[in-house]
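The values are calculated or read from the model by the stated rules, or taken from the named source; none is laboratory data. Not measured: the values here are computed from a predicted model. No Cβ is skipped: glycine too gets one built from the backbone with ideal geometry, and neighbour counts run over all protein chains shown. In case anyone asks, the SASA skips ligands and DNA or RNA and just uses the protein heavy atoms, side chains included. Shrake-Rupley method; radii C 1.70, N 1.55, O 1.52, S 1.80 Å.
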Amino acid sequence: MPGRYGVPTDPDYQERLAEFEARIRRGEKIEPGDWMPEEYRRQLIRMISQHAHSEVVGMLPEGAWITRAPTLKRKMILVAKVQDEAGHGQYLYHAAETLGISREAMLEALLSGKAKYSSIFNYPTLTWADIGTIGWLVDGAAIKNQTMLAQCSYGPYSRAMVRICAEETFHHKQGKEMVLLYAQGTPKQRAMAQDAINRWWWPALMMLGPHDKDSPNTEVLVRWGIKTKTNDQVRQEFINEHAPEILAAGLSIPDPELRYDEKSGNWLHGPINWDEFWQVVSGNGPMNKERLEARRRAHAEGAWVREALEAYAAKQKKAAVAV
Amino acid sequence: MDTQWPRWEVFKQDAPGKPHQAVGSVHAADPEHALLTARNVFARRPQAVSMWVVRAEEVFSWTKEEIAQDPALRGESRPALGSRPTTYLVFRKTSHKRSMTFVDHVGEVEAYSPQGALREALARFSDAEGLVWWVVPAEKVYKSDPSQETVESWFDPAKEKTYKQQQYYATVSASRPKRRKEDEAFGEGCAHC
């Protein structure tokens, strides 16, 4: 069928593209099986698989603290949160698979180090307060992005995001509650909370991506309804919500230029150190190597479980045939 | 050896009387493994009372756009002499609204082919426009055990884990996070002082 593959050399590409863009403008969801430009498919596979990898790698910095949680309640919350991240990875791999990439290919890309995942998970979790701060700031930033992506024009990605947002709100709230409690606690607890905010504030701003002027994909992503807001818009929303709350808690923010702008109603931030961001993205962050090694080790150590399940399935199949 | 297991589409029913809805997929070696994995991935929160799984390759899917462009769908293929019709489960999506579920189970049809099942479904379930249709041979669908014992052990624990619900933290505010009874019981804050 001509035009099926959605490349500009197809004779009816322009006509199909116009229909496709009209559907998006009407607020329709594009579903697996519908015509789509090859570039739409490519961008979605790139974004969704990176997002899935981020959920999977995101389990590592937090999982390391499960055995060291200070109370049973906090341990149960952290276990549930890490389980959720695993589930979110599954929802997202599923969404990417509907575009024709296999689970195996995505896992291979992650384990070989070829695939990217969120820069934020390449920072270490040094104290227990980092767990609360990750919930409040990192998940807080992620939710702003995910709430926007829940409006995405591609049905499977949008549905995964709606499900993730509903669960992620718990991650954000438990973290916020924890940090606020420590902010009112002993001097040692307050210092620990402040130290965590100091280390996570800038990486949280960076994880929302480069400034719009340095983000070459943004224009087409917005036009095709994959994104409905730009990186800078989402970052501004994040700062506007979190900056006043951190300050109200009696904590400070490590940005001497941060100020409230009456005219725009926005909290304006000082310059972001993008050199650090690009260093982390290109594999030179503090924890890149450890994260990848931990993932590979987990995959290798789980091999016997996968083999056992396969052997069991084969045995069941054989038994069914024999009957 | 590290080949990908087959993919299974997962359907979840939130409460008795509600339709099973497509929620996503899992990879698993066999039906039992698929149901257990589906439960772990898609029922970490209430509500759920039943789950179905089916191999993704057994699902026949058409979007509204595909139906409009596929004339073959309208041609009737004559069933072979003496052949019996198969029961197909029919699923449909009717809205572009924001949702965490995809197609809903709407009923069953008897047909000689998936295409025939779709034609039958289009005629039978015409109360709302279908944006996406799925037909699945009923015999290929594996269902979670409906006994009360299994339903409770699979789906009730999620209800008790109230700390996974955002409402649990509804009292959080920057100036004064409220301490709950459980905080005292769990000894919150004591670990560090």
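Inspection of the range A:302-314 identifies no residue that is within 30 Å of A:H211 (Cα to Cα) and touching a helix residue (DSSP H, G or I) at 6+ places or on another chain (Cβ under 9 Å). For the range B:45-65, the criterion of being within 20 Å of B:S99 (Cα to Cα), within 11 Å of chain A (Cβ to nearest Cβ), open to solvent by 70 Å² or more (accessible area, probe 1.4 Å) and not in a loop (DSSP other than H, G, I, E, B) is met by at least one residue. Scanning the range B:1-44 for residues that are hydrophobic (A, V, I, L, M, F, W, C), away from every other protein chain (no Cβ under 12 Å) and open to solvent by 10 Å² or more (accessible area, probe 1.4 Å) gives B:A15, B:L35. Looking only at residues in the range A:7-53 that are in a helix (DSSP H, G or I) and of a type in the set (G, A, S), the one that is farthest from the chain's Cα centre (by Cα) is A:A18.
For the range A:274-323, filtering for residues that are farther than 22 Å from A:L107 by Cα, open to solvent by less than 80 Å² (accessible area, probe 1.4 Å) and not in a helix (DSSP H, G or I) leaves 1. Taking each residue of the range B:98-116 that is more than 29 Å from A:I24 (Cβ to Cβ) and looking for partners that are aromatic (F, W, Y) and assigned to a loop (DSSP other than H, G, I, E, B) with beta-carbon atoms closer than 9 Å, six or more apart or interchain, yields B:G107/B:F125; B:V109/B:F125. Checked against (1) without any contact (Cβ under 8 Å) to a residue 40 or more places away in the chain; (2) in contact with a Ser or Thr (Cβ under 8 Å, 6 or more places away or on another chain), A:Q50 passes all but condition (1). For the range A:143-163, the set of residues classified as within 9 Å of chain B (Cβ to nearest Cβ), among the aliphatic types (A, V, I, L, M) and either under 20 Å from A:F121 (Cα atoms) or part of a helix (DSSP H, G or I) (or both) consists of A:A160, A:M161, A:V162, listed by residue number. If only residues of the range A:3-58 that are basic (K, R) and more than 19 Å from B:W62 (Cα to Cα) are counted, the one that is nearest to the other protein chains (Cβ to nearest Cβ) is A:R26. Picking from residues in the range B:102-124 that are surrounded by fewer than 19 Cβ atoms within 10 Å (Cβ to Cβ) and in a loop (DSSP other than H, G, I, E, B), the one that is farthest from the other protein chains (Cβ to nearest Cβ) is B:Y112. Selection of the range A:100-142 for residues being free of Cβ contacts under 8 Å to residues at least 60 places away in the same chain, open to solvent by less than 20 Å² (accessible area, probe 1.4 Å) and not in a helix (DSSP H, G or I) yields an empty set.
Please state which one of A:R41, A:R68, A:R23 is of a type in the set (K, R), at pLDDT 95 or above and loosely packed, with under 15 Cβ neighbours inside 10 Å. Talk me through it step by step, then tell me what you get.
On the way: A:R41 fails: loosely packed, with under 15 Cβ neighbours inside 10 Å; A:R23 fails: loosely packed, with under 15 Cβ neighbours inside 10 Å.
One residue alone meets the criteria, A:R68.
One line per residue, one yes/no per condition, for (1) farther than 30 Å from A:W304 by Cα; (2) out of contact with any Asp or Glu (no Cβ under 7 Å at 6 or more places or on another chain); (3) of a type in the set (S, T, N, Q); (4) at pLDDT 95 or above:
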{"residue": "B:R39", "(1), (2), (3), (4)": "no, yes, no, yes"}
{"residue": "B:V54", "(1), (2), (3), (4)": "no, no, no, yes"}
{"residue": "B:S77", "(1), (2), (3), (4)": "yes, yes, yes, no"}
{"residue": "B:V90", "(1), (2), (3), (4)": "yes, no, no, yes"}
{"residue": "B:T94", "(1), (2), (3), (4)": "yes, no, yes, yes"}
{"residue": "B:F102", "(1), (2), (3), (4)": "yes, yes, no, yes"}
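Evaluating A:G209 against the criteria (1) free of Cβ contacts under 8 Å to residues at least 40 places away in the same chain; (2) open to solvent by 20 Å² or more (accessible area, probe 1.4 Å); (3) within 17 Å of the chain's Cα centre (by Cα) leaves one unmet condition, (2).
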